[in-house]
Amino acid sequence: MFGKKYNDFLKMVVYQIYPRSFKDANGDGIGDLRGIIEKLDYLKELGINAIWICPCFKSPQADNGYDISDYCDIDPEFGNMEDIKELINEAHNRDIKVLMDLVANHTSSEHKWFKESKKSKNNPYSDYYYWYDEPQTDWQAMWGGSAWEYSNERNQYYLHHYDITMPDLNWDNPKVREEFNKIVDFWSNFGVDGFRCDVIHEISKDLKNNIMSMGPHIHEYINGLFGRPEVEHLFTVGECWVWNEESFCKLTKEERKELSTMFQFQHISFGRDGKYTPKPQSLTELRDILSHWQSVSYKNDLLYTLFTDNHDQPYFISRAGDTKNKRYELATCIATMFYTLRGIPFIYQGQEFGSLASEFDSIDDFRDIGAINYYNDYLEEFGKEKVLQQLNFGSRDNARHPVAWDGSEFNGFSDVEPWIPLSSNNKEINLKKDCESEKSIFKFYKSILKLRKENDEIVYGELKILSRPEDTYWVFERSYNGGKIVVCCNFEEENNIIIPYKNAKLLLSNNIDRKDASNNYSAYEVAIYRI
Ligand code: NOJ
């Protein structure tokens, strides 16, 4: 069973904000902290109680803020320290926790540590990064080319798993670990409630044995950072690309004081073969992945994250089914599958009203360093049309368009042309239009989050799956303190589903005509009952 800390975390519902694209308050076409403040009441209305803000620290913005040049200051594009203070206060006034994004694996090459480090082999910062006379491994960087870059100034190579302007920090150096203790303490004292931890499984490496992540000291370093008494109350969620149960347990079990939880990414490949090729799949396959990780979470007492979207993937529903005819049904079906399970829901901006991946006409419209490098690397091999098609299917920019608050000239995001084109489908898909519709995805999200809040069975309950693996639907129950909730999600065109209880009272459905537990379910129809 969970202790008090994890039981409290289970009540969280987190909303992820990509600040550049959320809301522009100062009219420069780039979203900012004051824009977030303006929307806190909206977020409260949605029913979330925590926000995770993607990096808003000082940065040259080569990777939209994941390249940080000062961890304890705000980038002027987003505002200043007073703005973040006000944002935290205003959020707390509304009982909304604030999570910041901690990027510990690398800095920007503009960070003072790196600028000093590259000057010579013997300066106070020389061992803050990985420097060698020759590349030590044949690792490739995430967005193309070798992960080793030569510096004329120092006459050596440094390691960068991401862009060349994002050198990897050497966590085996105790001084680096001390720096991050100070950063975490700084923001904790400032009032933040926790962190999303960028690729934190990469901070321990073993170059000699070709191990780029989950190296020999990973648990020691993470526990050393977050297990300290002064910060152990913080909520931390790791972006950990690890697949095995044992690592999940070690990284997140309550008594180990490493991370509170981590994102489990197995289902992120749903609907595609690699990053850029569609692969139609049935929601039953998504169900099976979810069901597997739920059982892992129950068996080992782990906090699980319930998410489909983030800023690194095109909107999930775009590759999950027929969004042309069934966008509402699909979005609400997936929301039901996830948010009635045990774990912490994470909702990515725009997801709550059914945003779809945006499509771009030309490479000039893309902003993501990964997309642009891919285009240049593969243009010759695949030709322009095919590469653009691939990018439109899989690039990170396809979830980074400005939030379409309404269908006006700049979608209520800004008064001027935004930094990245508006969503290509913004006239049909925007919050205002969604709310005016009888089939409003936003209203369904509100209802399901309210249901979660009001029914402890959904937050804490045991899970029992009632449907069989061969069924093309999913029925499960959640029981707690003598109460029972049954959730029913249909994946096929039509299904006859029998709820094995007589006294099922309907709490919520995405079919406005449904009044009770009658057996006929249409495609993607969901219903939640109290027994
Ligand atoms: C994962 C982040 O989510 C992504 O946006 C970023 O580019 C890399 N880590 C590098 O920080």
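The values are calculated or read from the model by the stated rules, or taken from the named source; none is laboratory data. Since this is a predicted model, take the numbers as computed values, not measurements. For neighbour counting, all protein chains shown are included, and Cβ atoms are generated from backbone atoms with ideal geometry for every residue, glycine included.
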Exercise. For residues that are touching a residue at least 60 places away in the same chain (Cβ under 8 Å) and within 13 Å of the ligand (Cβ to nearest atom), scanning just the stretch 160-187, find the one that is farthest from Asp368 (Cα to Cα).
Key: Leu169
Self-check item: Pairs where the first residue, in the stretch 515-531, is closer than 18 Å to Leu286 by Cα and the second is at pLDDT below 95, C-beta under 6 Å, 6+ apart
Solution: Ala523/Glu493
Practice problem: Only residues in the stretch 267-279 that are without any contact (Cβ under 8 Å) to a residue 12 or more places away in the chain count as the first member; pair them with residues that are part of a loop (DSSP other than H, G, I, E, B), Cβ under 7 angstrom, at least 6 apart or cross-chain, and list the lot. | Solution: Asp273/Lys279; Lys279/Gly271
Practice problem: Any chance you could count how many residues in the stretch 93-142 are within 16 Å of the ligand (Cβ to nearest atom) and surrounded by fewer than 19 Cβ atoms within 10 Å (Cβ to Cβ)? | Solution: 5
Quiz item: List pairs: first in the stretch 213-228 and surrounded by fewer than 20 Cβ atoms within 10 Å (Cβ to Cβ), second outside any helix (DSSP H, G or I) and of a type in the set (Lys, Arg), Cβ under 6 Å, 6+ apart or cross-chain?
Solution: Gly215/Lys205; Asn223/Lys257; Gly227/Lys257
Quiz item: Just a yes or no: is a residue in the stretch 188-204 away from the ligand (no atom under 16 Å from the Cβ), modelled with pLDDT of 95 or more and under 18 Å from Ala147 (Cα atoms)?
Solution: yes
Quiz prompt | For Ile84: the one exception among (1) surrounded by 20 or more Cβ atoms within 10 Å (Cβ to Cβ); (2) within 16 Å of the ligand (Cβ to nearest atom) | solution = (2)
Quiz item: Say we look at the stretch 311-322 and pick out the residues that are of a type outside the set (A, V, I, L, M, F, W, C) and assigned to a loop (DSSP other than H, G, I, E, B); which of these is farthest from the ligand (Cβ to nearest atom)?
Solution: Asp322
Quiz item: Does the stretch 379-394 contain any residue that is touching a residue at least 60 places away in the same chain (Cβ under 8 Å) and among the small types (Gly, Ala, Ser)?
Solution: yes
Exercise. With respect to Ser59, determine if the residue is among the polar types (S, T, N, Q), at pLDDT 95 or above, touching a Pro at 6+ places or on another chain (Cβ under 7 Å) and within 22 Å of Gly238 (Cα to Cα).
Key: no
Quiz prompt | Scope the stretch 37-65; condition closer than 20 Å to Met12 by Cα and in contact with a Phe, Trp or Tyr (Cβ under 6 Å, 6 or more places away or on another chain); matching residues | solution = Leu43, Ile48, Ile51, Cys54
Exercise. Please state which of the following conditions Thr165 fails to meet, knowing it meets all the rest: (1) within 23 Å of the chain's Cα centre (by Cα); (2) outside the structural domain of Val242 (by TED's automatic domain parsing).
Key: (1)
Quiz item: Scanning for something closer than 29 Å to Lys97 by Cβ and outside any helix (DSSP H, G or I), does the stretch 323-340 turn up at least one residue?
Solution: yes
Quiz item: If you take the residues of the stretch 294-310 that are within 16 Å of the ligand (Cβ to nearest atom) and of a type outside the set (Val, Ile, Thr), which of them is nearest to Thr340 (Cα to Cα)?
Solution: Phe307
Self-check item: Candidate set: the stretch 391-450, residues that are of a type in the set (Gly, Ala, Ser) and part of a helix (DSSP H, G or I); chosen: the one nearest to Leu341 (Cα to Cα)
Solution: Ser447
